[in-house]
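Some notes on the structure that comes next.
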Amino acid sequence: MTSAPLVPGPVTARVPAKVNLELLVGPLRPDGYHALSTVYQAVSLYDDVTVAEDEQWGVSVSGALAGGVPTGEDNLALRAARLAAERFDGTPVHVSIRKGIPVAGGMAGGSADAAATLVALDQLWNLGLDREELETAAAELGSDVPFLVAGGTAMGSGRGELLAPVLARGTYHWVLALAEGGLSTPAVYAECDRLRHGVPVPEPVATPALMAALRTGDPHELAPQLVNDLQDAAVSLRPDLGDVLSSGMEYGALGGVVSGSGPTVAFLVENNEAGIDLAVALTASGVVRDVRRASGPVHGAHVIHQRVD
Ligand code: ATP
């Protein structure tokens, strides 16, 4: 008796958001990008991305945060799937995204979905990619994508895509203040260039004091090292973020920083209980649209479910 060939069922990968503990922005390069030095941490806000074989390419998005995510060819997960198909000779898939990462919030949600798509397709198409091959393919999809495959805490240089591991001890607790609406990443960089016009900008180099703080595992050591060269630009475009930053500090955060290009503000707190207190205080204050609590570092994109029909 012959049995029917196994059809690979849908594969779901879970992917975290990121915060930038340090984001140093160098001069504008001739290619239009800025040289960056950043230290990323993956935190426990997740998107789940499911890929399933289909007759045609498609994408759908669900979850309370799904608003504002394109459901056509502009979707970064669908773009990732199409690029992966060209590279690895794959056939059409439908990509379903369950959003738990704020959209256009500076937490790299779109890049996260691209990373999860790649990791899920690796399994669906049985590619057997090793870590290096995954990260190379990820770098073609966007600067933050290799980090979202890797997870943990890592240093990024170049445009952020050249990763080096960072020794970080302990678990850090974060309260993320979500703002109404998003901020466009190119607009924030343009504002940063405008604010720094005529000021000499050094090549960005990771700060040794931040690395030392991460080795202690002590949030009190890390808090004063949080820095983001895009923060002034984000606050210039969204002055309400200044109020969010000062409110968080007033209500007991150890440190606060705009995440990436904003407008999400990441507050570092001492422990889980302090996180609950700060989340309640920020919500009651009315200065933020919504808050989320998260901890990090956590793993990068990983398969959580695979069905074989
Ligand atoms: P970054 O931190 O990488 O600058 P971000 O967190 O500020 O990014 P994203 O959530 O990645 O922003 O979204 C940026 C824009 O990308 C959104 O406004 C949205 O239109 C578009 N986009 C395309 N695909 C996706 C996706 N799968 N998820 C979220 N946004 C997407």
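No lab work stands behind these numbers, since they all come straight from the coordinates. This one's a predicted model, so the numbers in the text were calculated from it and none came from an experiment. Neighbour counts run over all protein chains shown; Cβ positions are idealised from the backbone, glycine included.
Using the alpha-carbon atoms, what tilt in degrees (0 to 90, nearest 10) does helix 76-88 show relative to the longest principal axis of the chain? Once rounded, one gets 50 degrees.
Taking the C-alpha atoms only, the angle from helix 109-124 to the longest principal axis of the chain is near 30 degrees. When the alpha carbon gyration tensor of region 8-165 is reduced to an equivalent ellipsoid, its three semi-axes come out at 25, 17, 14 angstrom, largest first.
Label-to-label distance, Glu221 versus Trp57, with points set 7 angstrom from Cα along the beta-carbon direction: 4.8 nm.
Calculate the FRET efficiency for Thr91 and Ile304 from the Cβ-Cβ distance with a Förster distance of 22 Å, rounded to the nearest 0.05.
Computed FRET efficiency for Thr91 and Ile304: 0.45.
What residue among Val15, Val280, Val103 has the largest mean-square fluctuation in a Gaussian network model of the chain, using Cα springs under 10 Å? In this elastic network of the chain, the residue with the biggest mean-square fluctuation among Val15, Val280, Val103 is Val280.
Applying 1/(1 + (r/R0)^6) with R0 = 30 Å to the Cβ-Cβ distance of Glu132 and Arg29, what FRET efficiency is obtained, to the nearest 0.05?
So the FRET efficiency works out to roughly 0.70.
Here the chain was treated as a single set of alpha-carbon atoms; its pair distances binned every 20 Å from 0 give 34, 56, 9, 1 percent. For the options Asp31, Asp229, Asp277, a Gaussian network treatment of the chain with springs between C-alpha atoms closer than 10 Å singles out Asp31 as fluctuating the most.
Each residue of region 247-263 was assigned a 3J(HN,Hα) from its phi angle through the Karplus expression (A = 6.51, B = -1.76, C = 1.60, θ = phi - 60°), giving 5, x, 5, 4, 8, x, 5, 7, x, x, 8, 5, 7, x, 8, x, x Hz with x at Gly and Pro.
Sites counted here are GluC sites (Glu not before Pro) in a DSSP loop (not H, G, I, E or B) having no more than 13 other Cβ atoms within 10 Å; the longest part of the chain that contains none of them is 181-309.
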